Amino acid sequence: MTKLSEDLKNAINQIKPAMVATASKNGEPNVSPKGSFRVLDDPYLIFADIRSPRTINNLRENPYISAIGYDPSKGKGWRIWGKAVEILSSGDLYEQLRKEFASKGEVNQVVKVMVDKGFVF
């Protein structure tokens, strides 16, 4: 667990989408874009599962995750490594994202990630 710098928090909340990488228990990788990726509170990030069955299956088997966001027009980005600590399908946070992303599709789950390390580049 790490304290997120203000630069990292701002970069995560501004540079979209995040590319989220997971792996199954057997090491089969998956990368999926997440436009909903954002800071919840230090050291937690969240994202909505709208069309991500492989991401969710991988996180249920192996909770470790890496994500990166990059803005090519500015040549700036961010990167984190962490662990999915909750996969929510009810509650206030789930309902908040379900309403916010209703126009994008059904929010199946919300993933809460605890950051181990991260940086801005």
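Couple of notes before you dig in:
- With respect to being free of Cβ contacts under 8 Å to residues at least 24 places away in the same chain and over 11 Å from the mean Cα position of the chain (by Cα), Tyr94 fits the description.
- Considering segment 1-33, and only residues there that are assigned to a strand (DSSP E or B) and of a type outside the set (S, T, N, Q), the residue that is surrounded by the fewest Cβ atoms within 10 Å (Cβ to Cβ) turns out to be Pro29.
- Enumeration of residues in segment 77-93 that are touching a strand residue (DSSP E or B) at 6+ places or on another chain (Cβ under 7 Å) and not small (Gly, Ala, Ser): Trp78, Arg79, Ile80, Trp81, Lys83, Val85, Glu86, Ile87, Leu88, Leu93
- Residue pairs whose Cβ atoms lie under 6 Å apart, separated by 6 or more positions or on different chains, with the first residue in segment 2-28 and among the hydroxyl-bearing types (Ser, Thr, Tyr) and the second surrounded by fewer than 18 Cβ atoms within 10 Å (Cβ to Cβ), are Thr2/Lys117; Thr22/Asn30; Ser24/Glu61.
- Filtering segment 52-83 to residues that are under 13 Å from the mean Cα position of the chain (by Cα) and either free of Cβ contacts under 8 Å to residues at least 40 places away in the same chain or not in a strand (DSSP E or B) (or both) leaves Ser52, Thr55, Ile56, Leu59, Pro63, Trp81, Gly82, Lys83.
- Top-ranked residue in segment 36-67 [being at pLDDT 95 or above and small (Gly, Ala, Ser); ranked as surrounded by the most Cβ atoms within 10 Å (Cβ to Cβ)]: Ala48
- Residues satisfying the stated conditions in segment 42-51, i.e. out of contact with any helix residue (DSSP H, G or I) (no Cβ under 8 Å at 6 or more places or on another chain), outside any loop (DSSP other than H, G, I, E, B) and within 10 Å of Met114 (Cα to Cα): Tyr44
- Hits in segment 1-43 (condition: charged (D, E, K, R) and in contact with a Leu (Cβ under 8 Å, 6 or more places away or on another chain)): Arg38, Asp42
- In segment 19-44, the residues that are touching a strand residue (DSSP E or B) at 6+ places or on another chain (Cβ under 6 Å) and among the small types (Gly, Ala, Ser): Ala21, Ala23, Ser32, Ser36
- Residue within segment 85-92 that is small (Gly, Ala, Ser) and in a strand (DSSP E or B) present: no
- Among the residues of segment 77-121, those identified as more than 14 Å from Asp42 (Cα to Cα), of a type in the set (Gly, Ala, Ser) and surrounded by 15 or more Cβ atoms within 10 Å (Cβ to Cβ) are Gly77, Ala84.
The values are calculated or read from the model by the stated rules, or taken from the named source; none is laboratory data. Everything numeric here is computed off the predicted structure, so don't read it as measured data. For neighbour counting, all protein chains shown are included, and Cβ atoms are generated from backbone atoms with ideal geometry for every residue, glycine included.
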